[in-house]
1. Hey, among 103, 64, 57, 77, which residue is modelled with pLDDT under 95, out of contact with any helix residue (DSSP H, G or I) (no Cβ under 9 Å at 6 or more places or on another chain) and either more than 27 Å from residue 142 (Cβ to Cβ) or surrounded by fewer than 15 Cβ atoms within 10 Å (Cβ to Cβ) (or both)?
2. Working only within the range 80-94, note down all residues that are in contact with a helix residue (DSSP H, G or I) (Cβ under 6 Å, 6 or more places away or on another chain) and outside any helix (DSSP H, G or I).
3. Given the structure, is residue 34 within 22 Å of residue 2 (Cβ to Cβ) and either modelled with pLDDT of 95 or more or exposed (fewer than 15 other Cβ atoms within 10 Å of the Cβ) (or both)?
4. Kindly provide the set of residues from the range 138-147 that are within 28 Å of residue 121 (Cβ to Cβ) and surrounded by 10 or more Cβ atoms within 10 Å (Cβ to Cβ), ordered by number.
5. Exactly one condition in (1) part of a helix (DSSP H, G or I); (2) within 30 Å of residue 145 (Cα to Cα) is false for residue 102; which is it?
6. In the range 122-135, is there at least one residue being part of a strand (DSSP E or B) and outside the structural domain of residue 53 (by TED's automatic domain parsing)?
7. Given (1) under 30 Å from residue 43 (Cβ atoms); (2) in a strand (DSSP E or B), identify the lone condition not met by residue 71.
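The values are calculated or read from the model by the stated rules, or taken from the named source; none is laboratory data. What you are looking at is a predicted structure, and each value in this text was computed from that prediction instead of being measured. Please note: Cβ atoms are built from the backbone with ideal geometry, for glycine as well, and neighbour counts cover all protein chains shown.
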């Protein structure tokens, strides 16, 4: 929006453009003043800019393996007190992630070539008596030996596993 105002301000003027757009002229002028003088930025944004550099430096120095918790601890060792949630937020905004160990389990592989089963209950999972409607599902459970798949049948009325 601000780029649009910059592009057309000579032709139409800032105030007339701002009347049509959902932005106050004072907001536009304040933004331009902050671009000229970064000291006018709010304290939080100034601190965030300072922390972003430190967070990226620590992340790079540690082979891009550190996550938010380890970066946060390193910042404290360097006498830069900061909340962990702030480190998490800034790392998320910067697109920085730590290394996640282990393989990711892929549970389903959708294939449009196969026919999907019919939805015979039209997604209404309600029953007025026992044994009127049973539904089946399956999931996986992580064990020391790997993942184990578990299938079960539930009675919708009693909400109990029947098989």
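1. Criteria check complete, one pass: 103.
2. 82
3. yes
4. 139, 140
5. Among (1) part of a helix (DSSP H, G or I); (2) within 30 Å of residue 145 (Cα to Cα), residue 102 violates only (1).
6. Yes - at least one qualifying residue is present in the range 122-135.
7. Among (1) under 30 Å from residue 43 (Cβ atoms); (2) in a strand (DSSP E or B), the lone unmet condition for residue 71 is (2).
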